[in-house]
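Colleague: I'd like to ask you about the structure that follows.
Each reported figure results from applying straightforward, stated rules to the coordinates on display, with no laboratory input. All values derive from a computational prediction rather than experimental measurement. So basically every Cβ, Gly included, is an ideal-geometry build from the backbone, and we count neighbours across all protein chains shown.
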Amino acid sequence: MNIHEYQAKALLQQYGAPVSEGRAVLNADEAEAKARELPGPLWVVKSQIHAGGRGKGKFKEAEAGEKGGVRLAKSVEDVAENVRQMLGATLVTHQTGPAGKQVNRIYVEDGSDIERELYLALLVDRASSRISFVASTEGGMDIEEVAHATPEKIVDFSVDPASGLSDFHGRRVAFALGLEGDLVKQCVALVKLLFKAFVEKDMEMLEINPLIVTTQGQLKVLDAKVSFDNNALYRQKDVSALRDETEEDPKELEASKYDLNYIALDGEIGCMVNGAGLAMATMDIIKLYGAEPANFLDVGGGATKEKVTEAFKIITSDPNVKGILVNIFGGIMRCDIIAEGIIAAVKEVGLQVPLVVRLEGTNVELGKKIIAESGLNVIAADDLRDGAEKIVKAVKG
């Protein structure tokens, strides 16, 4: 789960992180009043969407102006005008794709005197199963560009959970960022509180880009991007309350209500599979035969007839789907349950596109019999390769 910048900063501030004073604005009419609550004389007006590259982004609407999604304002009137232009407009960045995202929230922040921009992040390293730090002197840039062009400017290391975090980790970050004197002490303190917040709040990633050094010689968190482990949200009620459902794909949101693992993609063949590994293999073989998957959908090992029905509804609600491939291996999941769910779903929502079903495993013959006797126009497949070949042929002719 992702949260907005202003929410991330408020959370980090609870742990003692140095952040600028700011106000969230949801209505253009309140922008001027909220700007007056900040010291000034410089304000930063920031679009709040779950995507990076806001400053370099462009709005689709002409009335939103030609400036990006992060703007400087030198008066409260200027703040109000920028908020009016940006709220409700669609911001397109390199992370949103061409469709962009509608800006429903603005963060007005007190300006900072910047001497240097740095990069600092914490994330879960899947290879080592440890929390890792990533630091670079090249703050304010896309870290992917830095990694590609100047990888020597990135320092990363993990923290051994047996010994935990120590001051030397903070000093290692400080030296990687080229900090000296009192800034080293500030960095050690910042690393400690960030690590504490990361662990206690079950974060998956905490990115500060940029982390700045002000002209007054202070470290400050100028931007913050935070994502959380969805599987731990049951014990993070305060974090769950920060969820902005308008930033999420409606289909993914609906899937989460039924405990379905669903991710929307850009292809034309909808997939319903049980097991993440099998789902990945199914998407790969669809691409191998010259088509693109429309989604990742893992119904899980213990799916019920109702869950399968809802999964089918979600797939068919995608207008890009031109065909559906159901690929089930019945280990924990029984093939007859899948078959009953497919039939129930088709009868409820109809079938407007080709449907190929491959079943294997527990009660496979019963599952095939149920589908065969249903009277539905379903194409049976003997194995995964056969299923992929048939659905691609049905879609592409």
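Colleague: After finding the eigenvalues of the alpha carbon gyration tensor for segment 1-59, what semi-axes result from the square roots of 5 times each, listed largest first in whole Å? Intermediate results must be reported in sequence, preceding the final value.
Modeller: Values: eigenvalues 71, 65, 26 Å².
Rounded to whole Å, the semi-axes are 19, 18, 11.
Colleague: Could I ask something else about it? Among I370, I208, I3, which comes first, second and so on when ranked by fewest other beta-carbon atoms within 10 Å?
Modeller: Working: I370 19, I208 28, I3 22.
Least to most surrounded, the residues fall as I370, I3, I208.
Colleague: Expected output is a single nm value to one decimal: the length gained when fully extending between D383 and E348, i.e. 0.36 nm times separation in residues minus the C-alpha distance. What is it?
Modeller: Values: separation 35, 0.36 × 35 = 12.60 nm, distance 2.75 nm.
Result for the pair: 9.9 nm of gain on full extension.
Colleague: Right, another one. With +1 on each Lys and Arg Cβ and -1 on each Asp and Glu Cβ, and nothing else charged, work out how big the dipole of the chain is about its Cα centre, in Debye to the nearest 20. Kindly include the intermediate steps, with their values, before the conclusion.
Modeller: Details: 46 positive and 61 negative charges, 56 e Å.
Dipole of the chain, to the nearest 20 debye: 260 debye.
Colleague: Would you grab the residues whose amide H sits under 5 Å from the one on G52? Only those 5+ places off in sequence or on another chain, please, with H modelled 1.01 Å from N.
Modeller: Q95
Colleague: Right, next: Could you give the length gained on full extension between D167 and D29, defined as 0.36 nm per residue of separation minus the Cα-Cα distance, in nm?
Modeller: Working: separation 138, 0.36 × 138 = 49.68 nm, distance 4.70 nm.
That works out to 45.0 nm of additional length.
Colleague: Hey, another quick one. So how tilted is helix 182-200 from the main axis of the chain? Cα-based, degrees 0 to 90, rounded to 10.
Modeller: Orientation of helix 182-200: about 30 degrees from the principal axis.
Colleague: A further question on this structure: Would you mind ranking R23, R385, R126, R171 by Cβ crowding within 10 Å, fewest neighbours first?
Modeller: R126, R385, R171, R23
Colleague: Something else now. Assign unit charges at the C-beta atoms only (+1 for Lys and Arg, -1 for Asp and Glu), then state the dipole size of segment 114-240 relative to its Cα centre in Debye, rounded to the nearest 20. Each step should come with its number before you reach the end.
Modeller: Working: 14 positive and 20 negative charges, 98 e Å.
Computed about the Cα centre, the dipole is about 460 debye.
Colleague: I've got another one for you. Taking the dipole about the Cα centre of the chain, with the C-beta of Lys and Arg at +1 and of Asp and Glu at -1, give me whichever of L38, A28, C271 is farthest to the positive side.
Modeller: C271
Colleague: Follow-up question, since we're still on this one. Considering Cα pairs under 8 angstrom that are at least six residues apart, work out the relative contact order of segment 114-240 and quote it in whole percent.
Modeller: Details: 221 pairs, mean separation 35.4, N = 127.
Result for segment 114-240 is 28 percent.
Colleague: Using r as the Cβ-Cβ distance of S317 and T215, and R0 as 30 Å, what FRET efficiency do you calculate, to the nearest 0.05?
Modeller: Details: r = 53 Å, r/R0 = 1.77.
Computed FRET efficiency for S317 and T215: 0.05.
Colleague: In addition: Would you work out which of G100, A64, L87 lies farthest towards the positive end of the dipole of segment 61-122, given +1 charges on the beta-carbon of Lys and Arg and -1 on that of Asp and Glu, about the Cα centre?
Modeller: Projecting each Cα onto the dipole axis, the largest value belongs to G100.
Colleague: Need the full-extension length gain, R243 to I114, defined as separation in residues times 0.36 nm minus the C-alpha distance. One decimal, nm.
Modeller: Working: separation 129, 0.36 × 129 = 46.44 nm, distance 3.12 nm.
So the extension gain works out to 43.3 nm.
Colleague: Just grab the label-to-label distance for A276 and V199, each label 7 Å out from Cα along the Cβ direction, in nm (one decimal).
Modeller: 2.4
Colleague: Could you tell me the extents of segment 213-286's C-alpha atoms along the three principal axes, largest first, rounded to whole Å?
Modeller: So the three principal-axis extents are 57, 28, 23 Å.
Colleague: Quick one: order K58, K237 by neighbouring beta-carbon count within 10 Å, fewest to most.
Modeller: Numbers: K58 15, K237 8.
In order of increasing Cβ crowding within 10 Å: K237, K58.
Colleague: Using every alpha carbon pair in segment 1-149, what percent of pairs falls into each 10 Å bin from 0 up to the bin containing the largest distance?
Modeller: Here the calculated profile for segment 1-149 is 11, 35, 37, 15, 3, 0.
Colleague: Looking at [x] 25.0, 78; [y] 22.7, 72; [z] 25.7, 83, which value of Rg and Dmax of the Cα atoms in Å comes from a calculation on the structure shown?
Modeller: Entry [x].
Colleague: Just to verify a number: FRET efficiency for A62 and K369, C-beta to C-beta distance, R0 = 45 Å, to 0.05? Walk me through the numbers before you get to the answer.
Modeller: On the way: r = 60 Å, r/R0 = 1.34.
E between A62 and K369, to the nearest 0.05, is 0.15.
Colleague: Would you mind getting the Kirkwood hydrodynamic radius of segment 94-138 from its Cα pairs, rounded to one decimal in Å? Walk me through the numbers before you get to the answer.
Modeller: Details: mean 1/r = 0.0678 Å⁻¹.
Kirkwood radius, segment 94-138: 14.8 Å.
Colleague: Could you tell me which residue out of A135, H50, G111 lies farthest along the dipole of the chain toward its positive end? Charges go on the beta carbon: Lys and Arg +1, Asp and Glu -1, centred on the Cα centre.
Modeller: Looking along the dipole axis, the top candidate is H50.
Colleague: Right, another one. Bin all alpha-carbon pair distances of segment 250-396 at 10 Å intervals from 0 and give each bin's fraction as a whole percent.
Modeller: It works out to 13, 49, 35, 2, in whole percents.
Colleague: To test your reading of the geometry: what angle, between 0 and 90 degrees and rounded to tens, separates the Cα axis of helix 384-396 from the longest principal axis of the chain?
Modeller: Tilt relative to the chain: about 80 degrees.
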